[in-house]
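The values are calculated or read from the model by the stated rules, or taken from the named source; none is laboratory data. Treat the numbers as computed from the prediction; the structure is a model and nothing was measured. Here the Cβ positions follow ideal geometry from the backbone for every residue, glycine too, while neighbour counts run over all protein chains shown.
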Amino acid sequence: MGTFFVLGRASFRKNMVYFWAHMANNVGSALFGFIYIALWRAASHGHDVGSFSSQALVAYIAVTQTVLWATTFLPRDLGISTAVRTGQIAIDFGRPVGYLPRTIAAAMGDVAYNILFRSVPLVLAFLVARVYPWRNFLSPATDATFVVALALGAMTGILLQYLIGMSAFWTFDTRWARRLYFALTMFAGGQLLPIQLMPLALRQTLTWLPFQNLVSFPVSVALHHAYVASWISALVWVLMLTGVAIALTHKAMRRVEIQGG
Amino acid sequence: MGDWIGVYKSVASATLRARLAYRWNFVLDLVFQIIMLIAELLVVVLIASAVHGIAGWSVYQIVFLFGLSSLSSGLYRVFASEFHGFDKYLVNGEFDSVLTRPAPALVVVSARSVDYEQAGMLVQGLAIVGYAAWRLHLWQIDGPILLAQILSGWISGGAIWLGIVIAFATLGFWTTRIDDLAPVVLYGPETAANYPLSIYPRAIQAIFYGILPVAFGGYIPARVILHKGLSPIWLLVSFGVGAATLAGAVGFWQIGVRRYTSTGS
């Protein structure tokens, strides 16, 4: 366990080098939040949209912007495709600690950094602008479920990025997988439009896809809008993705031997 | 001056040949961009039609604005892509080699900047503007005047965006890294400009009229063209703002280049 903690801490510290650049980037992230908040405010005009009040929509956007940093904005494909291209991966595979748990530990360091220095500043900005639903977080039950949902979301994000990285063993170029992932997070994840407001068939389908774990699910938990099905879906996907990641890592290890140095 | 155009042409055509070497990436890039922009537009259309317009703008008026704005910002993506990712010149010391070319650095970097893969943005921008204008029955009134107005708005917007992206790259001469500034200076304003600016808080509006004057590259011309309370004189104002932004940025760039010290080893 100690090894994994050290690995996580190392990637946390690596991020600290770019602290001020990240703070500048946070301003941009907040700006995006304010743009979409303004858009939804103007569109809803104080009226309800589906099951969302105007205020709840604004809160949805604000929380989404903060959640994205914990679940979605991770190093691209966790650096795996670069390691595959440069051959570094052969050395990584040879280390005494398993490649998958080690990569996850490092990514968790990134997530911890992002929550502390990306999400928290955004929460503060949205609090000052009075768009963050802080009252929801006064209830310990909400806080507890939100933390669990966020952890599931972060895990899903890490695993999906891992799988994209692993695809480099077969495709060499992960650009398309990454772009598809980005687009799916936006639309299937409920980043631009809450899944709850989509037509019934689409809503039901998206609830059972892993992308809801990244945005829609944790945000909806915070806003008391989550379906029971979303919980089941989130849990099942984390387990399934872990299984696929383990299987794919084994396959990839054999593939490295075939390719040789 | 004539030589510079020659340099621009030859470097730009070399850039094109290099990019076309990866034909499938080129095609896929184009398709992907079109899908992303249409999806974003679709969300807006869905929202706007569910609530019958936003801030006094009807659905198709918003679509028109969206199209005109993406035409404007599309110009910087097609013709100034290297300024957009200017970090690499400064971090790797690549800018040294630019300075040795027989033309001003601005011309050389511009010529390398022609990114045909982004041209999809312009094609769909034109399609969106054309479609919205047709749905709003704008063509029936006076086709040539409408065309001239759209063109004038587009040129103003293009100049504004080119100015912004050149100024953005120039910041790199002081900070070296600029990619983390892009969401504030480029992406955020680019997204914001797709919608009626009146929906934003006053402080944000002030930025888009003053510091990063994207208002004049979409919102203001669209208001003139759609007869939303502005006289055609505002097209001239927008044009002036575009020219001033571009000229200011070029001046700023020259100060930056003089300040450049190589990072080379």
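When the residues of the stretch B:148-182 are narrowed to those that are at the interface with another protein chain (Cβ under 10 Å from one of its Cβ atoms) and of a type in the set (A, V, I, L, M, F, W, C), which ends up farthest from A:Arg41 (Cα to Cα)?
B:Ile178
Name the residue that is nearest to the chain's Cα centre (by Cα), counting only residues in the stretch A:193-206 that are surrounded by fewer than 24 Cβ atoms within 10 Å (Cβ to Cβ), closer than 17 Å to A:Gly50 by Cα and free of Cβ contacts under 8 Å to residues at least 60 places away in the same chain. Spell out how you get there, then give the answer.
Taking the stretch A:193-206 and keeping what is surrounded by fewer than 24 Cβ atoms within 10 Å (Cβ to Cβ), we get A:193, A:196-206.
Keeping just the survivors that are closer than 17 Å to A:Gly50 by Cα gives A:193, A:196-204.
So of that shortlist, the ones also free of Cβ contacts under 8 Å to residues at least 60 places away in the same chain come out as A:193, A:198-204.
Numbers: A:Leu193: 17, A:Met198: 21, A:Pro199: 24, A:Leu200: 25, A:Ala201: 25, A:Leu202: 21, A:Arg203: 20, A:Gln204: 21 Å.
Only one residue fits best here, namely A:Leu193.
Going through A:Val63, A:Val67, A:Val58, A:Val84 one at a time, which residue ends up being farther than 30 Å from A:Leu163 by Cα and either surrounded by 23 or more Cβ atoms within 10 Å (Cβ to Cβ) or within 20 Å of the chain's Cα centre (by Cα) (or both)? Walk me through how you get there before you give the answer.
On the way: A:Val63 fails: farther than 30 Å from A:Leu163 by Cα; A:Val67 fails: farther than 30 Å from A:Leu163 by Cα; A:Val84 fails: farther than 30 Å from A:Leu163 by Cα.
After ruling out the rest, the residue left standing is A:Val58.
Within the stretch B:210-247, count every residue that is farther than 11 Å from B:Ala159 by Cβ and not charged (D, E, K, R).
As a first pass, look at the stretch B:210-247 and keep what is farther than 11 Å from B:Ala159 by Cβ: B:210-212, B:214-215, B:218-237.
From what is left, the residues that are not charged (D, E, K, R) are B:210-212, B:214-215, B:218-222, B:224-227, B:229-237.
Selection size over the stretch B:210-247: 23.
For the structure I just gave you, tell me whether A:Thr249 is touching a Leu at 6+ places or on another chain (Cβ under 9 Å), over 20 Å from A:Leu39 (Cβ atoms) and at pLDDT 95 or above. Please lay out each step first, then the result.
Numbers: touching a Leu at 6+ places or on another chain (Cβ under 9 Å): yes; over 20 Å from A:Leu39 (Cβ atoms): yes; at pLDDT 95 or above: no.
Taking the combined requirement at face value, the residue does not satisfy it.
Pick from A:Gly28, A:Gly46: which is surrounded by fewer than 20 Cβ atoms within 10 Å (Cβ to Cβ) and either outside any helix (DSSP H, G or I) or among the basic types (Lys, Arg) (or both)? Break it down stepwise before answering.
Working: A:Gly28 fails: either outside any helix (DSSP H, G or I) or among the basic types (Lys, Arg) (or both).
When all the criteria are applied, what remains is A:Gly46.
Could you please let me know if A:Thr185 is more than 14 Å from every other protein chain (Cβ to nearest Cβ) and either among the β-branched types (Val, Ile, Thr) or out of contact with any helix residue (DSSP H, G or I) (no Cβ under 8 Å at 6 or more places or on another chain) (or both)?
Values: more than 14 Å from every other protein chain (Cβ to nearest Cβ): no; either among the β-branched types (Val, Ile, Thr) or out of contact with any helix residue (DSSP H, G or I) (no Cβ under 8 Å at 6 or more places or on another chain) (or both): yes.
Spelling it out, it is not the case that A:Thr185 is more than 14 Å from every other protein chain (Cβ to nearest Cβ) and either among the β-branched types (Val, Ile, Thr) or out of contact with any helix residue (DSSP H, G or I) (no Cβ under 8 Å at 6 or more places or on another chain) (or both).
Could you count how many residues in the stretch B:183-194 are at the interface with chain A (Cβ under 7 Å from one of its Cβ atoms) and either within 15 Å of B:Ala80 (Cβ to Cβ) or buried (at least 23 other Cβ atoms within 10 Å of the Cβ) (or both)? Explain how you work it out, then say what you get.
Kept after step one, since they are at the interface with chain A (Cβ under 7 Å from one of its Cβ atoms), are these residues of the stretch B:183-194: B:183-184, B:187-188, B:191-192.
Restricting the remaining residues to those that are either within 15 Å of B:Ala80 (Cβ to Cβ) or buried (at least 23 other Cβ atoms within 10 Å of the Cβ) (or both) gives B:187-188, B:192.
Qualifying residue count for the region: 3.
If you take the residues of the stretch B:73-127 that are β-branched (Val, Ile, Thr) and in contact with a Ser or Thr (Cβ under 7 Å, 6 or more places away or on another chain), which of them is nearest to B:Ser10 (Cα to Cα)? Give the steps one after another, and end with the answer.
Initially, the stretch B:73-127 is screened for residues β-branched (Val, Ile, Thr), giving B:78, B:91, B:98, B:100, B:107-109, B:114, B:123.
Add one more test, that the residue is in contact with a Ser or Thr (Cβ under 7 Å, 6 or more places away or on another chain), and what stays is B:91, B:114.
Working: B:Val91: 26, B:Val114: 12 Å.
Checked the stretch B:73-127; the qualifying residue nearest to B:Ser10 (Cα to Cα) is B:Val114.
Can you tell me how many residues in the stretch B:136-160 are surrounded by 15 or more Cβ atoms within 10 Å (Cβ to Cβ) and not aliphatic (A, V, I, L, M)?
First pass over the stretch B:136-160, keeping only residues surrounded by 15 or more Cβ atoms within 10 Å (Cβ to Cβ): B:136, B:138, B:146, B:149-150, B:152-160.
Of the ones still in play, those that are also not aliphatic (A, V, I, L, M) are B:149, B:152-154, B:156-158.
The qualifying residues number 7.
Tally time: how many residues in the stretch B:32-46 are touching a residue at least 60 places away in the same chain (Cβ under 8 Å), of a type in the set (Val, Ile, Thr) and within 11 Å of chain A (Cβ to nearest Cβ)?
Total meeting the criteria: 1.
Tally the residues that are part of a helix (DSSP H, G or I) and in contact (Cβ under 8 Å) with a residue 60 or more places away in the chain, restricting the search to the stretch A:84-102.
Narrowing the stretch A:84-102 to residues part of a helix (DSSP H, G or I): A:84-86, A:88-94, A:99-102.
Next, from what is left, pick out any that are in contact (Cβ under 8 Å) with a residue 60 or more places away in the chain: A:84-85, A:89-90, A:93, A:99-102.
Residues in the stretch A:84-102 being part of a helix (DSSP H, G or I) and in contact (Cβ under 8 Å) with a residue 60 or more places away in the chain: 9 in total.
Looking only at the stretch A:8-25, filter to residues that are at the interface with chain B (Cβ under 9 Å from one of its Cβ atoms) and aliphatic (A, V, I, L, M); which one of those is surrounded by the fewest Cβ atoms within 10 Å (Cβ to Cβ)?
Of all residues in the stretch A:8-25, those at the interface with chain B (Cβ under 9 Å from one of its Cβ atoms) come to A:18, A:20-25.
Checking the rest, the ones that are also aliphatic (A, V, I, L, M) come to A:21, A:23-24.
Numbers: A:Ala21: 15, A:Met23: 13, A:Ala24: 19.
Checked the stretch A:8-25; the qualifying residue surrounded by the fewest Cβ atoms within 10 Å (Cβ to Cβ) is A:Met23.
May I ask you to verify whether B:Gly93 is away from chain A (no Cβ under 13 Å) and not in a helix (DSSP H, G or I)? Lay out the reasoning, then the answer.
Details: away from chain A (no Cβ under 13 Å): yes; not in a helix (DSSP H, G or I): yes.
Yes; evaluated as a whole, the condition is true for this residue.
If B:Val114 satisfies every condition in (1) away from chain A (no Cβ under 13 Å); (2) under 27 Å from B:Leu235 (Cα atoms); (3) β-branched (Val, Ile, Thr) but one, which is the exception?
(2)
Name the single residue, out of those in the stretch B:48-65 being assigned to a helix (DSSP H, G or I) and either closer than 17 Å to B:Ala193 by Cα or more than 11 Å from chain A (Cβ to nearest Cβ) (or both), that is modelled with the lowest pLDDT. Give the steps one after another, and end with the answer.
In the first step, residues of the stretch B:48-65 are kept if they are assigned to a helix (DSSP H, G or I); the result is B:48-50, B:59-65.
Okay, now just the ones that are also either closer than 17 Å to B:Ala193 by Cα or more than 11 Å from chain A (Cβ to nearest Cβ) (or both), so B:48, B:59-65.
Values: B:Ala48: 74, B:Val59: 89, B:Tyr60: 91, B:Gln61: 93, B:Ile62: 92, B:Val63: 92, B:Phe64: 94, B:Leu65: 95.
That would be B:Ala48.
To keep it simple, each residue is scored yes or no on (1) at pLDDT below 90; (2) β-branched (Val, Ile, Thr); (3) under 30 Å from B:Thr191 (Cα atoms); (4) in contact with a strand residue (DSSP E or B) (Cβ under 8 Å, 6 or more places away or on another chain).
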position	(1), (2), (3), (4)
A:Asn25	yes, no, yes, no
A:Val58	no, yes, yes, no
A:Pro75	yes, no, yes, no
A:Phe93	yes, no, no, no
A:Thr103	no, yes, no, no
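Would you check which residues across the stretch A:156-179 are within 14 Å of chain B (Cβ to nearest Cβ) and surrounded by fewer than 22 Cβ atoms within 10 Å (Cβ to Cβ) and list them? Working first, answer last.
Narrowing the stretch A:156-179 to residues within 14 Å of chain B (Cβ to nearest Cβ): A:171-179.
Across the stretch A:156-179, the qualifying residues are A:Thr171, A:Phe172, A:Asp173, A:Arg175, A:Trp176, A:Ala177, A:Arg178, A:Arg179.
If you take the residues of the stretch B:223-238 that are surrounded by 18 or more Cβ atoms within 10 Å (Cβ to Cβ) and in contact (Cβ under 8 Å) with a residue 40 or more places away in the chain, which of them is nearest to the chain's Cα centre (by Cα)?
So the residue we want is B:Ser238.
Just checking, how many residues over the stretch A:39-64 are closer than 16 Å to A:Ala222 by Cα and either facing chain B (nearest Cβ under 10 Å) or in contact with a Ser or Thr (Cβ under 6 Å, 6 or more places away or on another chain) (or both)?
Our first condition is that a residue be closer than 16 Å to A:Ala222 by Cα; within the stretch A:39-64, this holds for A:51-53, A:55-64.
Adding the requirement that they be either facing chain B (nearest Cβ under 10 Å) or in contact with a Ser or Thr (Cβ under 6 Å, 6 or more places away or on another chain) (or both) leaves A:57.
Number of matching residues: 1.
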